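The values are calculated or read from the model by the stated rules, or taken from the named source; none is laboratory data. Please read these numbers as outputs of a predicted model, since none were measured by experiment. Cβ sites come from the backbone with ideal geometry, for glycine too, and all protein chains shown count toward neighbours. Ligands, DNA and RNA are excluded from the accessible area calculation, which covers all protein heavy atoms including side chains. Shrake-Rupley method; radii C 1.70, N 1.55, O 1.52, S 1.80 Å.
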Amino acid sequence: MKKLGFIGGGNMAEALARGLIARKIFKPADVIVSDVDPVRRRKLARSLKVETTADNLVVLRDSAALLIAVKPQNIDGVLGEMAAAMRAPDASGNGPRKSLGAAKKPASKPLKLADRLFISIAAGITIERMVNALGAGARVIRVMPNAPAMVGQGMAALVRAPGASRTDEAFALRIFDAVGDAVALADEHLLDAVTALSGSGPAYVYLFAKALADAGVSEGLTPQLATRMTLQTLRGAEENMRRSSMSAADLIRVVASPGGTTEAALSKFADAGFSAIVADAVHAAAERSRALGRS
(Lines give C-alpha, C1' and ligand atoms only; values in the text may rest on other atoms or scores of the structure.)
Protein backbone atom coordinates (compact mmCIF):
# COMPACT_ATOMS: atom_id res chain seq x y z
CA MET A 1 0.00 0.00 0.00
CA LYS A 2 1.17 3.54 -0.81
CA LYS A 3 2.08 5.80 2.10
CA LEU A 4 0.46 8.87 0.52
CA GLY A 5 -2.04 9.44 -2.24
CA PHE A 6 -2.91 12.79 -3.77
CA ILE A 7 -6.43 13.51 -4.95
CA GLY A 8 -5.66 16.28 -7.42
CA GLY A 9 -2.27 16.79 -9.01
CA GLY A 10 -2.03 20.58 -9.27
CA ASN A 11 0.87 22.85 -8.40
CA MET A 12 0.59 22.49 -4.63
CA ALA A 13 0.34 18.70 -4.80
CA GLU A 14 3.36 18.60 -7.10
CA ALA A 15 5.36 20.83 -4.75
CA LEU A 16 4.52 18.65 -1.76
CA ALA A 17 5.34 15.41 -3.58
CA ARG A 18 8.58 16.89 -4.91
CA GLY A 19 9.63 18.09 -1.45
CA LEU A 20 8.85 14.75 0.20
CA ILE A 21 10.81 12.84 -2.43
CA ALA A 22 13.74 15.28 -2.53
CA ARG A 23 14.12 15.11 1.26
CA LYS A 24 13.85 11.31 1.10
CA ILE A 25 10.86 11.25 3.42
CA PHE A 26 9.07 9.13 0.81
CA LYS A 27 10.27 7.23 -2.21
CA PRO A 28 8.49 7.74 -5.54
CA ALA A 29 7.05 4.26 -5.11
CA ASP A 30 5.36 5.43 -1.89
CA VAL A 31 3.25 8.03 -3.73
CA ILE A 32 0.27 7.92 -6.09
CA VAL A 33 -1.53 10.87 -7.68
CA SER A 34 -4.93 11.12 -9.34
CA ASP A 35 -5.85 13.91 -11.74
CA VAL A 36 -8.45 14.38 -14.47
CA ASP A 37 -5.92 15.94 -16.86
CA PRO A 38 -3.88 13.35 -18.81
CA VAL A 39 -1.22 15.94 -19.64
CA ARG A 40 -0.81 16.67 -15.96
CA ARG A 41 -0.60 12.97 -15.12
CA ARG A 42 2.12 12.41 -17.71
CA LYS A 43 4.11 15.37 -16.40
CA LEU A 44 3.99 14.10 -12.81
CA ALA A 45 4.85 10.56 -13.79
CA ARG A 46 7.78 11.75 -15.90
CA SER A 47 9.24 14.33 -13.49
CA LEU A 48 8.60 12.62 -10.14
CA LYS A 49 8.48 8.94 -11.21
CA VAL A 50 5.27 8.45 -9.22
CA GLU A 51 2.27 6.35 -10.14
CA THR A 52 -0.64 8.33 -11.58
CA THR A 53 -4.27 7.54 -12.32
CA ALA A 54 -7.47 9.20 -13.48
CA ASP A 55 -9.47 7.30 -10.85
CA ASN A 56 -9.76 8.76 -7.35
CA LEU A 57 -10.96 5.41 -6.04
CA VAL A 58 -7.68 3.78 -7.03
CA VAL A 59 -5.93 6.27 -4.75
CA LEU A 60 -8.47 5.58 -2.00
CA ARG A 61 -7.95 1.84 -2.31
CA ASP A 62 -4.16 1.92 -2.49
CA SER A 63 -3.19 4.66 0.03
CA ALA A 64 -3.01 4.74 3.80
CA ALA A 65 -3.24 8.56 3.76
CA LEU A 66 -4.94 10.79 1.20
CA LEU A 67 -4.11 14.44 0.63
CA ILE A 68 -7.11 16.12 -0.96
CA ALA A 69 -5.86 18.93 -3.18
CA VAL A 70 -8.90 19.75 -5.30
CA LYS A 71 -10.69 23.07 -5.68
CA PRO A 72 -13.20 23.82 -2.90
CA GLN A 73 -16.09 23.80 -5.36
CA ASN A 74 -15.21 20.21 -6.32
CA ILE A 75 -14.61 18.72 -2.90
CA ASP A 76 -18.18 17.67 -2.11
CA GLY A 77 -18.25 15.47 -5.21
CA VAL A 78 -14.88 13.94 -4.36
CA LEU A 79 -15.84 13.24 -0.74
CA GLY A 80 -19.19 11.81 -1.80
CA GLU A 81 -17.50 9.51 -4.30
CA MET A 82 -15.12 8.16 -1.67
CA ALA A 83 -17.81 7.82 1.00
CA ALA A 84 -20.02 5.86 -1.41
CA ALA A 85 -17.14 3.54 -2.27
CA MET A 86 -16.56 2.79 1.40
CA ARG A 87 -20.26 2.03 1.84
CA ALA A 88 -20.45 -0.13 -1.31
CA PRO A 89 -21.63 -3.75 -0.91
CA ASP A 90 -18.19 -5.20 -1.60
CA ALA A 91 -16.54 -2.26 0.25
CA SER A 92 -13.76 -2.23 -2.33
CA GLY A 93 -14.59 0.81 -4.42
CA ASN A 94 -15.75 -1.37 -7.30
CA GLY A 95 -19.47 -1.12 -6.65
CA PRO A 96 -21.96 -4.01 -6.65
CA ARG A 97 -20.86 -7.30 -8.17
CA LYS A 98 -22.59 -8.42 -11.38
CA SER A 99 -21.41 -12.00 -11.69
CA LEU A 100 -24.66 -13.56 -13.00
CA GLY A 101 -23.17 -17.01 -13.02
CA ALA A 102 -19.65 -15.94 -13.93
CA ALA A 103 -16.75 -17.07 -11.82
CA LYS A 104 -16.55 -15.07 -8.64
CA LYS A 105 -13.55 -12.80 -8.23
CA PRO A 106 -11.64 -12.85 -4.94
CA ALA A 107 -13.06 -10.29 -2.56
CA SER A 108 -11.08 -7.09 -2.33
CA LYS A 109 -9.86 -5.92 1.03
CA PRO A 110 -12.65 -3.85 2.58
CA LEU A 111 -12.22 -0.08 2.49
CA LYS A 112 -12.64 0.88 6.11
CA LEU A 113 -13.03 4.53 7.04
CA ALA A 114 -10.88 4.11 10.14
CA ASP A 115 -7.98 2.79 8.04
CA ARG A 116 -7.58 6.00 6.05
CA LEU A 117 -6.23 9.44 6.99
CA PHE A 118 -7.75 12.33 5.03
CA ILE A 119 -5.73 15.56 4.80
CA SER A 120 -7.44 18.50 3.11
CA ILE A 121 -5.92 21.72 1.78
CA ALA A 122 -9.21 22.91 0.26
CA ALA A 123 -9.67 26.52 1.42
CA GLY A 124 -12.73 27.19 3.56
CA ILE A 125 -13.82 23.54 3.84
CA THR A 126 -14.37 22.86 7.53
CA ILE A 127 -13.55 19.70 9.44
CA GLU A 128 -17.25 19.29 10.25
CA ARG A 129 -18.15 19.39 6.58
CA MET A 130 -15.58 16.72 5.74
CA VAL A 131 -16.54 14.44 8.62
CA ASN A 132 -20.23 14.76 7.75
CA ALA A 133 -19.44 13.76 4.17
CA LEU A 134 -17.08 10.88 4.95
CA GLY A 135 -18.70 9.50 8.09
CA ALA A 136 -18.57 9.85 11.86
CA GLY A 137 -15.13 9.33 13.34
CA ALA A 138 -13.29 10.05 10.09
CA ARG A 139 -9.60 10.75 10.59
CA VAL A 140 -9.48 14.24 9.09
CA ILE A 141 -6.83 16.94 9.20
CA ARG A 142 -7.46 20.37 7.73
CA VAL A 143 -4.44 22.35 6.53
CA MET A 144 -3.94 25.94 5.40
CA PRO A 145 -0.71 26.08 3.35
CA ASN A 146 0.54 29.00 1.27
CA ALA A 147 1.98 29.52 -2.19
CA PRO A 148 5.70 29.71 -1.23
CA ALA A 149 5.48 25.97 -0.55
CA MET A 150 5.97 25.69 -4.30
CA VAL A 151 9.56 26.93 -3.85
CA GLY A 152 10.17 25.07 -0.59
CA GLN A 153 9.52 28.08 1.65
CA GLY A 154 5.91 27.54 2.67
CA MET A 155 4.10 28.17 5.94
CA ALA A 156 1.27 25.85 6.90
CA ALA A 157 -1.02 25.46 9.89
CA LEU A 158 -3.15 22.41 10.56
CA VAL A 159 -5.93 21.25 12.85
CA ARG A 160 -6.98 17.65 13.44
CA ALA A 161 -10.50 16.36 13.87
CA PRO A 162 -11.43 14.48 17.06
CA GLY A 163 -11.16 11.22 15.10
CA ALA A 164 -7.52 11.88 14.12
CA SER A 165 -4.67 10.96 16.45
CA ARG A 166 -1.47 12.69 17.50
CA THR A 167 0.33 10.26 15.22
CA ASP A 168 -1.83 11.44 12.32
CA GLU A 169 -0.98 15.03 13.23
CA ALA A 170 2.75 14.26 13.29
CA PHE A 171 2.47 12.59 9.88
CA ALA A 172 0.79 15.68 8.40
CA LEU A 173 3.40 17.97 9.95
CA ARG A 174 6.16 15.94 8.27
CA ILE A 175 4.50 16.46 4.89
CA PHE A 176 4.35 20.24 5.17
CA ASP A 177 7.71 20.56 6.92
CA ALA A 178 9.13 19.13 3.68
CA VAL A 179 8.28 22.38 1.88
CA GLY A 180 8.89 24.96 4.61
CA ASP A 181 7.47 25.21 8.12
CA ALA A 182 4.30 23.86 9.70
CA VAL A 183 2.50 24.21 13.02
CA ALA A 184 -0.38 22.38 14.67
CA LEU A 185 -3.24 24.38 16.18
CA ALA A 186 -5.90 23.27 18.65
CA ASP A 187 -8.63 25.65 17.49
CA GLU A 188 -9.96 25.41 13.93
CA HIS A 189 -11.29 28.97 14.12
CA LEU A 190 -7.67 30.20 14.15
CA LEU A 191 -7.31 29.02 10.55
CA ASP A 192 -9.20 32.16 9.47
CA ALA A 193 -6.41 34.26 11.00
CA VAL A 194 -3.81 31.94 9.44
CA THR A 195 -5.48 32.37 6.05
CA ALA A 196 -5.40 36.15 6.44
CA LEU A 197 -1.78 36.26 7.60
CA SER A 198 0.28 33.55 5.89
CA GLY A 199 -2.24 32.31 3.32
CA SER A 200 -2.84 35.72 1.74
CA GLY A 201 0.37 37.23 3.11
CA PRO A 202 2.58 36.60 0.07
CA ALA A 203 0.37 38.95 -1.95
CA TYR A 204 0.90 41.69 0.65
CA VAL A 205 4.67 41.25 0.33
CA TYR A 206 4.45 41.37 -3.46
CA LEU A 207 2.38 44.57 -3.19
CA PHE A 208 4.96 46.19 -0.91
CA ALA A 209 7.81 45.05 -3.16
CA LYS A 210 6.07 46.51 -6.20
CA ALA A 211 5.44 49.81 -4.42
CA LEU A 212 9.07 49.96 -3.25
CA ALA A 213 10.47 49.22 -6.70
CA ASP A 214 8.07 51.68 -8.36
CA ALA A 215 9.20 54.35 -5.90
CA GLY A 216 12.82 53.63 -6.79
CA VAL A 217 12.00 54.08 -10.46
CA SER A 218 10.31 57.41 -9.71
CA GLU A 219 13.57 58.51 -8.07
CA GLY A 220 15.58 57.71 -11.20
CA LEU A 221 16.54 54.02 -10.99
CA THR A 222 15.87 51.69 -13.92
CA PRO A 223 13.06 49.15 -13.37
CA GLN A 224 15.55 46.27 -13.51
CA LEU A 225 17.86 47.80 -10.90
CA ALA A 226 14.98 48.87 -8.65
CA THR A 227 13.54 45.35 -8.69
CA ARG A 228 16.94 43.76 -8.05
CA MET A 229 17.63 46.06 -5.10
CA THR A 230 14.13 45.56 -3.70
CA LEU A 231 14.36 41.77 -3.77
CA GLN A 232 17.79 41.67 -2.16
CA THR A 233 16.71 44.18 0.47
CA LEU A 234 13.69 42.04 1.37
CA ARG A 235 15.81 38.88 1.46
CA GLY A 236 18.51 40.48 3.59
CA ALA A 237 16.04 42.02 6.03
CA GLU A 238 14.18 38.71 6.39
CA GLU A 239 17.37 36.77 7.04
CA ASN A 240 18.63 39.37 9.52
CA MET A 241 15.31 39.31 11.38
CA ARG A 242 15.29 35.50 11.43
CA ARG A 243 18.82 35.29 12.83
CA SER A 244 18.58 38.15 15.29
CA SER A 245 17.34 37.83 18.86
CA MET A 246 16.09 41.42 18.67
CA SER A 247 12.44 42.33 18.19
CA ALA A 248 11.21 43.93 14.98
CA ALA A 249 10.81 47.24 16.81
CA ASP A 250 14.43 47.09 18.02
CA LEU A 251 15.69 46.24 14.54
CA ILE A 252 13.86 49.27 13.17
CA ARG A 253 15.57 51.47 15.74
CA VAL A 254 18.98 50.10 14.72
CA VAL A 255 18.41 51.21 11.11
CA ALA A 256 16.59 54.47 11.87
CA SER A 257 19.23 56.92 13.12
CA PRO A 258 17.75 60.09 14.67
CA GLY A 259 17.32 62.76 12.03
CA GLY A 260 18.34 60.37 9.25
CA THR A 261 16.81 59.18 6.00
CA THR A 262 15.07 56.13 7.47
CA GLU A 263 13.42 58.20 10.17
CA ALA A 264 12.12 60.59 7.51
CA ALA A 265 10.59 57.67 5.59
CA LEU A 266 9.12 56.02 8.69
CA SER A 267 7.40 59.26 9.70
CA LYS A 268 5.57 59.18 6.35
CA PHE A 269 4.45 55.62 6.99
CA ALA A 270 3.19 56.66 10.42
CA ASP A 271 1.36 59.70 9.05
CA ALA A 272 -0.44 57.47 6.52
CA GLY A 273 -1.44 55.00 9.22
CA PHE A 274 0.60 52.16 7.73
CA SER A 275 0.21 49.77 10.69
CA ALA A 276 -3.54 50.39 10.85
CA ILE A 277 -3.85 49.77 7.10
CA VAL A 278 -2.09 46.42 7.46
CA ALA A 279 -4.28 45.47 10.43
CA ASP A 280 -7.44 46.43 8.53
CA ALA A 281 -6.33 44.43 5.50
CA VAL A 282 -5.61 41.30 7.51
CA HIS A 283 -8.94 41.67 9.33
CA ALA A 284 -10.77 41.96 5.98
CA ALA A 285 -9.10 38.77 4.75
CA ALA A 286 -9.98 36.94 7.98
CA GLU A 287 -13.60 38.06 7.74
CA ARG A 288 -13.77 36.86 4.14
CA SER A 289 -12.32 33.51 5.20
CA ARG A 290 -15.00 33.19 7.88
CA ALA A 291 -17.70 34.01 5.35
CA LEU A 292 -16.42 31.42 2.89
CA GLY A 293 -16.42 28.84 5.65
CA ARG A 294 -20.10 29.50 6.32
CA SER A 295 -21.14 29.31 2.65
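Quick look at the values:
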read-out	value
Backbone HN-Hα couplings from phi across the range 68-80 [Karplus 6.51/-1.76/1.60, Hz, Gly and Pro as x]	8, 10, 9, 5, x, 5, 9, 6, 4, x, 5, 5, x
Extension reserve of the Lys43-Ala64 stretch, reckoned as 0.36 nm per residue once the Cα distance is removed	5.2 nm
Accessible surface of the range 239-293 [probe 1.4 Å, protein heavy atoms]: carbon and sulfur percent	61
Amide proton proximity set for Gly180, modelled H, under 5 Å, gap of 5+	Gly154
Carbon and sulfur %, accessible surface of the range 7-70 computed with the full protein complex present, 1.4 Å	55
R0 of 45 Å, Cβ-Cβ distance Asn74-Ala264: FRET efficiency to nearest 0.05	0.30
Calculated volume of the Cα convex hull per residue in Å³ (choose from (i) 164; (ii) 119; (iii) 134), label	(i)
Projected label distance in nm at Ala184 and Arg253, using a 7 Å step from Cα toward the beta-carbon	3.8
Average accessible area per residue (Å²) across the range 195-286 - probe 1.4 Å, nucleic acids and ligands excluded	73
Fraction of accessible area attributable to carbon and sulfur, the range 162-237 (%, probe 1.4 Å)	65
Distance between modelled label sites at Ser165 and Ala276, nm, 7 Å Cα→Cβ extension	5.3
Burial ranking of peptide ranges 248-261, 63-76, 46-59 (average Cβ count within 10 Å, highest at the top)	63-76, 46-59, 248-261
Label-point gap, in nm, between Glu219 and Ala114 - each point 7 angstrom along Cα→Cβ	6.5
Number of Lys pairs (Cα under 20 Å; 8 or more positions apart or on different chains) in the chain	17
Phi-based couplings in Hz for the range 32-45 (Karplus 6.51, -1.76, 1.60; Gly and Pro marked x)	9, 10, 10, 7, 6, 8, x, 5, 5, 4, 5, 4, 5, 5
Accessible surface, 1.4 Å probe, highest first, among residues Leu292, Leu79	Leu292, Leu79
Förster radius 51 Å - calculated FRET efficiency between Ala84 and Met241, Cβ distance, rounded to 0.05	0.55
